[in-house]
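Peer 1: So that we are looking at the same thing, I have put the structure below in structure tokens.
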């Protein structure tokens, strides 16, 4: 049985098949049709629901795309949908603000927007609702009618009304494993056992990529092993020289750590997917995918990250450079899993610069990404240079020719131009839906030129984020 | 007689808790925010409902040589598999001209074209089974380049021209031109005689509607072998007609019904009909209800978009920037069939002048056939694409003469004496000078221009751009017969009012406005007026809700119906209560007269008992409009709506990324029916136009397959993309000079084109790379890639110190 809390009331239902999403459960089984399907791929936000999890500092209400969240992962959670907000005829402050500010037109995206704002309103971690918080909360919710201004106004106004939440019922404990092919090991030993028993099983953490095979590709998964309940995988283990980030750690939990230690990486993370996606997806998933357009691999390559691989035959550790074998292929053997990612602590004098280019600033996949790490000496020379690009090669990889040219040098004109030219030796990008080969090479070289400008002419304004309209 | 009930108090129909009525909220606002407003896929499903999915063409152009359906028929859950051979009536769903088969028969003409329909017990089963349909093809040469198509004579409709000699100020003196007459020699002579002549070309990309609710229809068996179709369509009468024709049934056997759409934007004007027809075909084949909801990728691949355009122009002008003549050629990429393309390209032609007096003009529209989904209506209906060449030309002229583009624009605006369009309609009154004057001041254009020029001189990478662009948009369907509407208004004995009209609600607030009109005329609060689904058996033979005309047409029809009812009530009351007929008014839920005050509910009860009809229809047809296609002249529009916008951008010239820093809009809605809804249309239209011109890129591979077929690859604006500083104002003090409902103006489409100011501001930023001495071509959407390419070209051209080859515009050597 699947046991969870739905809008405050405990709820049990027969185990859904592994590919069944929260949205399918709501709309098709429970006929609760307030949550809408706009894309079935986690890109539009019309299906957004809130998943409440009790933490020490209170309940965290996390927005999630119901269309790609497996229903099985609801076990023990409090699921809040748009139907669960109003009390009789009294609208929740989020809803009332949306009405008062004319923030719905066709109304189809509205339930998802209401739920994203509900999370912003109630999440115990969010102290201040400023414009940045509003835009971050809403970046994964597409609206085609309003132009967003009234929605932002509603978000600014909603906290004016207090709305304490009543504690939800606790869902009944129900046996929950192997139901229809869904395996949910509780620890690493159980995971190793499940993998040995089902070597063909698909591993799932956040499921933000895997579930697309079901919703878009219509694949019926036979066996899925869920990593999300394994405590060891959910830890960030701090050590003097870095952190082991467990394979179950979601991006949202990485944000404070990156904010503190790697601001450029944090800024990149803020542009990776949407709030909903970062609430579910994991760093390890991004690596295990080995996608050429994954956002984190180039950064982690530039940081000399390592991975810990585990399996029936024991564990092994390797440099991330060795982990990526080919297009969407990794060094993971059958029966193995990625257990943790080693993120080194920044060394004194070390700089990490990351720049991502995409057609749209928020929630868009990379066309070109450049990550550059180096240590700068007093004479302005670069040392320990690491450079890696995304979107430029079939697998995530560093740029050895370019790195060699930069090592020990100033980014002065001649060196810089040679390094820019070397990018075309290190990479042969292709034309695709996100950009042409020429654009990618030209843009990647310009990103390097940009870094040189930032380094040696810091007084020049080159960041769009720092520019305001001319005052009148 | 049965007892008449008391009115229950309710406030959730058209009610507003926050009235001021001029800002009444959307009639479904509460339903939207609670999730209780139902769309077709949310309705309780009829027992035994089947779900439909289609097997589609993987080829742009091919002959079908064999089909094997057994694997699909035997797939889990499958109830039926249908092909073109199963269609009893016409295999045709074309809106205006034939050419759109419901299911491909023998030949496929675009990737995504439906060939086989599969009915199963769930959508997933239907889709999985559709993937098991085996079809063999013999591929044929595909037309995928509209320019080549025009050169080869591959069109969906013939070309059409509008011409006007320079000295021909008014319609009365209009002369008929036919194709290929010597008058084109006059134009060439005029252009040759102008002190300056520039020419250019541009590509304007298409746009996916991306309505959040994908296309959907649900058909179910109805009485007497009839069929009821719930459709997400802007044009239920057309759904009714096409279902009837496909099934070989009379129109009265089919009911089409629309309560609300999750967005339409033109994408559900003609192209929703095929879904209704397929679902109805399934009903006829199985006797069970059938739902067809398109998954997003099927929707994006299989339905038409905004037409991409290839535009070319030549403009002659004097030293002050004043146009002497213009030759504008518009090539619309129509896709494989006519659909609505004749009208779309016509409207592009009607807007080739935008807000400017062109002088001696020739505008030609071509309708290229390509093997892609048939392009269709999209907010603006060709108007936006048609305005782009003249807006590009204004900037090119300014750079050529070393002027601010705003001054060139102002120089060429329609004004008294220069107020007749190239198709012979007088533009009266041209409000645009007033609007631009106000906006130029309120946006502080000149001071910001100076600040930007100074900033750009010092900033090596980031360049700012600023532009003010006008919009003039003609209101009316260019197909004259569509400018009509009907309404049905019913008063019940408890005093509640039920409205129906021919328009559909897709989020634009039409129902709210129409309820406001009825409430105002009957002296009632909005809470007493309810609107129910648009149904073809309530109000027949309706026009699509399109061309921004929904409130103009249906509002007037409702006004007529309500006026009829009020007249009846006044006639009754005058006699019944013995008061002077002309002293009677309806206000504050009362009938008021000399010495008389009767409650609304009581009035209706008495009227009912006296056997007064409490139900009335209303009808409206727009007066004055006409257009003669042979001569290319007439008065196709009842009036024009106006607006202007100032946009400021910052462009990173090393990456092509940009930010929209500030936008000021001043827009003309006449006397507003509902200021909140009007503002919502202006802001929403602007942001949709912003997406069209900057981020929304339709990518196809060489075989004609759409690669950007979902929101992961097709990027509409998010809340992060809207202007950081967004100032929107309605023009006040200028009620519509035509007798529209309460002197309001249509507002659905015109604001989309305000976003042209963003594109112009980006060009302005690019022009700074050449010290504003030359203009930089910028096709759309102006993605970071296009902007970087343009910036790189501009830098090279400046470095070379001479005119770059192949970048428009170029001064034509004389």
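Peer 1: Select, from B:609, B:614, B:604, the only residue that is crowded, with 19+ Cβ neighbours inside 10 Å, over 30 Å from residue B:734 (Cα atoms) and either at pLDDT below 95 or not assigned by TED's automatic domain parsing to the domain that holds residue B:347 (or both).
Peer 2: It is B:604.
Peer 1: Within region B:612-654, which strands (runs of 3 or more DSSP E) (wholly inside it) include 2 or more residues that are within 23 Å of the chain's Cα centre (by Cα), over 14 Å from residue B:483 (Cα atoms) and within 14 Å of another protein chain (Cβ to nearest Cβ)?
Peer 2: B:639-652
Peer 1: Hey, can you tell me all the residues within region B:29-53 that are more than 10 Å from chain A (Cβ to nearest Cβ) and in a loop (DSSP other than H, G, I, E, B)?
Peer 2: B:46, B:47, B:48, B:49
Peer 1: Looking only at region A:398-405, decide whether some residue is more than 14 Å from chain B (Cβ to nearest Cβ), within 27 Å of the chain's Cα centre (by Cα) and touching a residue at least 24 places away in the same chain (Cβ under 8 Å).
Peer 2: For region A:398-405, residues more than 14 Å from chain B (Cβ to nearest Cβ), within 27 Å of the chain's Cα centre (by Cα) and touching a residue at least 24 places away in the same chain (Cβ under 8 Å): present.
Peer 1: If I go through region B:694-720 residue by residue, how many of them are more than 8 Å from chain A (Cβ to nearest Cβ), within 23 Å of the chain's Cα centre (by Cα) and farther than 21 Å from residue A:105 by Cβ?
Peer 2: Residues flagged as more than 8 Å from chain A (Cβ to nearest Cβ), within 23 Å of the chain's Cα centre (by Cα) and farther than 21 Å from residue A:105 by Cβ within region B:694-720 amount to 4.
Peer 1: Within region B:275-297, which residues are farther than 23 Å from residue A:215 by Cα and not in a loop (DSSP other than H, G, I, E, B)?
Peer 2: B:276, B:277, B:278, B:280, B:281, B:282, B:283, B:284, B:285, B:286
Peer 1: So, one more: If you take the residues of region A:355-377 that are more than 14 Å from every other protein chain (Cβ to nearest Cβ) and surrounded by 20 or more Cβ atoms within 10 Å (Cβ to Cβ), which of them is nearest to residue A:247 (Cα to Cα)?
Peer 2: The residue in question is A:371.
Peer 1: Separate question: What number of residues in region A:106-131 are within 10 Å of chain B (Cβ to nearest Cβ) and surrounded by fewer than 24 Cβ atoms within 10 Å (Cβ to Cβ)?
Peer 2: Residues in region A:106-131 being within 10 Å of chain B (Cβ to nearest Cβ) and surrounded by fewer than 24 Cβ atoms within 10 Å (Cβ to Cβ): 1 in total.
Peer 1: Could you tell me whether residue B:723 is closer than 24 Å to residue A:135 by Cα, within 12 Å of chain A (Cβ to nearest Cβ) and in contact with a helix residue (DSSP H, G or I) (Cβ under 8 Å, 6 or more places away or on another chain)?
Peer 2: It is false that residue B:723 is closer than 24 Å to residue A:135 by Cα, within 12 Å of chain A (Cβ to nearest Cβ) and in contact with a helix residue (DSSP H, G or I) (Cβ under 8 Å, 6 or more places away or on another chain).
Peer 1: What are the residues in region B:6-28 that are at pLDDT 55 or above, out of contact with any strand residue (DSSP E or B) (no Cβ under 8 Å at 6 or more places or on another chain) and more than 7 Å from every other protein chain (Cβ to nearest Cβ), if any?
Peer 2: Listed by number, the residues that qualify are B:21, B:22, B:23, B:24.
Peer 1: So which of A:352, A:301 is away from chain B (no Cβ under 14 Å), in contact with a strand residue (DSSP E or B) (Cβ under 6 Å, 6 or more places away or on another chain), crowded, with 16+ Cβ neighbours inside 10 Å and assigned to a strand (DSSP E or B)?
Peer 2: Criteria check complete, one pass: A:352.
Peer 1: Go through B:95, B:104, B:126 for me and flag whichever is buried (at least 19 other Cβ atoms within 10 Å of the Cβ), closer than 26 Å to residue B:229 by Cβ and within 14 Å of chain A (Cβ to nearest Cβ).
Peer 2: None of the other options fit; the residue is B:126.
Peer 1: Continuing with the same structure: Which of the following residues is farther than 20 Å from residue B:257 by Cβ and in contact with a strand residue (DSSP E or B) (Cβ under 7 Å, 6 or more places away or on another chain): B:548, B:532?
Peer 2: From the options B:548, B:532, the qualifying one is B:548.
Peer 1: A further question on this structure: Considering only region A:211-230, state which residues are in a strand (DSSP E or B) and either touching a residue at least 60 places away in the same chain (Cβ under 8 Å) or under 12 Å from residue A:68 (Cβ atoms) (or both).
Peer 2: A:224, A:226
Peer 1: Select, from A:55, A:78, the only residue that is in contact with a strand residue (DSSP E or B) (Cβ under 6 Å, 6 or more places away or on another chain) and farther than 30 Å from residue B:748 by Cβ.
Peer 2: The match here is A:78.
Peer 1: Of all the residues that make up region A:337-347, how many are in contact with a helix residue (DSSP H, G or I) (Cβ under 8 Å, 6 or more places away or on another chain) and free of Cβ contacts under 8 Å to residues at least 60 places away in the same chain?
Peer 2: Matching residues across region A:337-347 total 0.
Peer 1: From the list B:386, B:380, B:365, exactly one residue is touching a helix residue (DSSP H, G or I) at 6+ places or on another chain (Cβ under 6 Å), assigned to a loop (DSSP other than H, G, I, E, B) and closer than 30 Å to residue B:274 by Cβ. Which is it?
Peer 2: B:380
Peer 1: Answer yes or no as to whether residue B:797 is modelled with pLDDT under 95, assigned by TED's automatic domain parsing to the domain that holds residue B:396 and over 20 Å from residue B:355 (Cα atoms).
Peer 2: The answer is yes for residue B:797.
Peer 1: Sticking with this one: Considering only region B:460-485, state which residues are within 13 Å of another protein chain (Cβ to nearest Cβ) and under 20 Å from residue B:404 (Cβ atoms).
Peer 2: Listed by number, the residues that qualify are B:463, B:464, B:465, B:466.
Peer 1: Considering each residue of region A:4-21, count those that are more than 14 Å from every other protein chain (Cβ to nearest Cβ) and within 19 Å of residue B:293 (Cα to Cα), and give that number.
Peer 2: 0
Peer 1: Show the residue pairs meeting these rules: Cβ distance below 7 Å; 6+ apart or different chains; first residue within region A:70-84 and more than 11 Å from residue A:26 (Cβ to Cβ) and within 14 Å of another protein chain (Cβ to nearest Cβ); second residue assigned to a helix (DSSP H, G or I) and modelled with pLDDT of 95 or more.
Peer 2: Short answer, once both residue conditions are applied: A:80/A:118.
Peer 1: I'd like the residue in region B:446-466 that is touching a strand residue (DSSP E or B) at 6+ places or on another chain (Cβ under 8 Å) and part of a helix (DSSP H, G or I) and, out of all such residues, is nearest to residue B:663 (Cα to Cα).
Peer 2: Looking at residues that are touching a strand residue (DSSP E or B) at 6+ places or on another chain (Cβ under 8 Å) and part of a helix (DSSP H, G or I), I get B:448.
Peer 1: Which one is farthest from residue A:339 (Cα to Cα), of the residues in region A:248-289 that are assigned to a loop (DSSP other than H, G, I, E, B) and over 10 Å from the mean Cα position of the chain (by Cα)?
Peer 2: In this case the residue turns out to be A:262.
Peer 1: Same structure, new question: Given the residues A:64, A:103, which is the only one that is crowded, with 24+ Cβ neighbours inside 10 Å and touching a strand residue (DSSP E or B) at 6+ places or on another chain (Cβ under 7 Å)?
Peer 2: Just a single option satisfies the conditions, and that option is A:64.
Peer 1: Are any residues in region A:437-472 in a loop (DSSP other than H, G, I, E, B) and more than 7 Å from every other protein chain (Cβ to nearest Cβ), and if so, which ones?
Peer 2: The answer is A:457, A:458, A:459, A:463, A:471.
Peer 1: In addition: Between A:150, A:167, which is part of a loop (DSSP other than H, G, I, E, B) and either in the same structural domain as residue A:56 (by TED's automatic domain parsing) or more than 20 Å from residue B:687 (Cα to Cα) (or both)?
Peer 2: Exactly one of A:150, A:167 is part of a loop (DSSP other than H, G, I, E, B) and either in the same structural domain as residue A:56 (by TED's automatic domain parsing) or more than 20 Å from residue B:687 (Cα to Cα) (or both), namely A:167.
Peer 1: For region B:582-599, does any single residue satisfy the condition of being under 25 Å from residue B:261 (Cβ atoms) and crowded, with 23+ Cβ neighbours inside 10 Å?
Peer 2: no
The values are calculated or read from the model by the stated rules, or taken from the named source; none is laboratory data. The model shown is predicted, which means the values in this text are computed figures rather than measured ones. As a convention, Cβ positions derive from the backbone with ideal geometry for all residues, glycine included, and neighbour counts pool all protein chains shown.
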